[in-house]
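So the structure is just underneath, and the comments pick up after that.
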């Protein structure tokens, strides 16, 4: 048992899809609540897991940018509430002159009374959206995008190539920014103001990111990424029909699941049927792409634990919002203090398990053996 536990916690990189399932579970849970305490706990869980399991890699440097983006989202939502709230609510915090808009924008006016209800509504909505963005940023910081591309099924390989390249742009910009700033500091040039320094950094960062993206695209093209085999017209028609019908069924089922007013027949059964048809379409489409994998990533108990922890958080929030909606969505009319719900709080804390019960990330250059250096003998003592 001791040797098994030691082998389990040996440093290694987890499957990137496990981190994405975990992050999407947290994001889905955040989408179900406007309770600021629950959103802060989800935010803390995501940050703690990122800090404890983030690898020393370029794509892990962009998490700070996602934090800034989340803060910007909250500020923008509050500013728009001040501009367009229109005096919604009874508790007036600040009276501003109202500016009516022309007839084509009837019913909308700028400024007016700033109420506590409108500001809290903007704050809660901004926190929810910011938490969802930060959860996706956590997945970007923990999952290797190149390994994620390698793990894509054959049917999604062409689309997956574009998606992986797109989600790796933000971490690439962060790495380029740090490298350009470090190079400027090493040159020791004259100090400039923030705006001038920003102008001097933005152009090299964008140029470097564009050059690296073109190099990545050229290298992927040389390796045959995105090339498909030949199929008959009947096979392409069958594949397209299955994919479209399956995705429509999944969309209808997801919408019916999220909207409690729709008939339950359109929720679970349609979602399951759409998923089955889509999987059949994926299988048929996967025959077009013939490729091999060198040392494919496998799911182990640690990956299962990571995925189940994120799914568990989403299930707890979905269940709580159905049975006791005021615990996850506090009332704004009348104004009430957001409750501290114990059950959803404990359910969210399940998402922190990967920071304690998963192997730590592999250190840079770990496991790389230098055979010539290891086998080097002193002069005169070897053949």
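The values are calculated or read from the model by the stated rules, or taken from the named source; none is laboratory data. Bear in mind that the values here come from a model prediction, so they are computed numbers and not experimental data. Here the Cβ positions follow ideal geometry from the backbone for every residue, glycine too, while neighbour counts run over all protein chains shown.
Just a few scattered comments:
- Against the criterion of being touching a residue at least 12 places away in the same chain (Cβ under 8 Å) and surrounded by fewer than 21 Cβ atoms within 10 Å (Cβ to Cβ), residue 45 does not qualify.
A quick yes/no check of all residues on (1) at pLDDT 75 or above; (2) in contact with a helix residue (DSSP H, G or I) (Cβ under 7 Å, 6 or more places away or on another chain); (3) surrounded by 20 or more Cβ atoms within 10 Å (Cβ to Cβ):
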| residue | (1), (2), (3) |
| --- | --- |
| 139 | yes, yes, yes |
| 144 | yes, yes, yes |
| 148 | no, yes, yes |
| 153 | no, yes, no |
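- Helices (runs of 4 or more DSSP H) contained in the stretch 1-70 and holding at least 2 residues at pLDDT below 90 and within 24 Å of residue 338 (Cα to Cα): 16-31
- Of the residues in the stretch 329-342, none is in a helix (DSSP H, G or I), under 25 Å from residue 21 (Cα atoms) and in contact (Cβ under 8 Å) with a residue 24 or more places away in the chain.
- Some residue of the stretch 76-89 being closer than 29 Å to residue 360 by Cα, free of Cβ contacts under 8 Å to residues at least 40 places away in the same chain and outside any loop (DSSP other than H, G, I, E, B): no
- Tallying residues that are surrounded by 16 or more Cβ atoms within 10 Å (Cβ to Cβ) and either more than 15 Å from residue 12 (Cβ to Cβ) or more than 23 Å from the chain's Cα centre (by Cα) (or both) within the stretch 294-314 yields 8.
- Meets criteria (in a loop (DSSP other than H, G, I, E, B), modelled with pLDDT under 80 and under 25 Å from residue 138 (Cβ atoms)) for residue 383: no
- Whichever residue in the stretch 343-373 is surrounded by 18 or more Cβ atoms within 10 Å (Cβ to Cβ) and assigned to a loop (DSSP other than H, G, I, E, B) and, among such residues, is modelled with the highest pLDDT: 358
- Extreme residue, farthest from residue 147 (Cα to Cα), among residues of the stretch 248-273 that are modelled with pLDDT under 80 and surrounded by 13 or more Cβ atoms within 10 Å (Cβ to Cβ): 262
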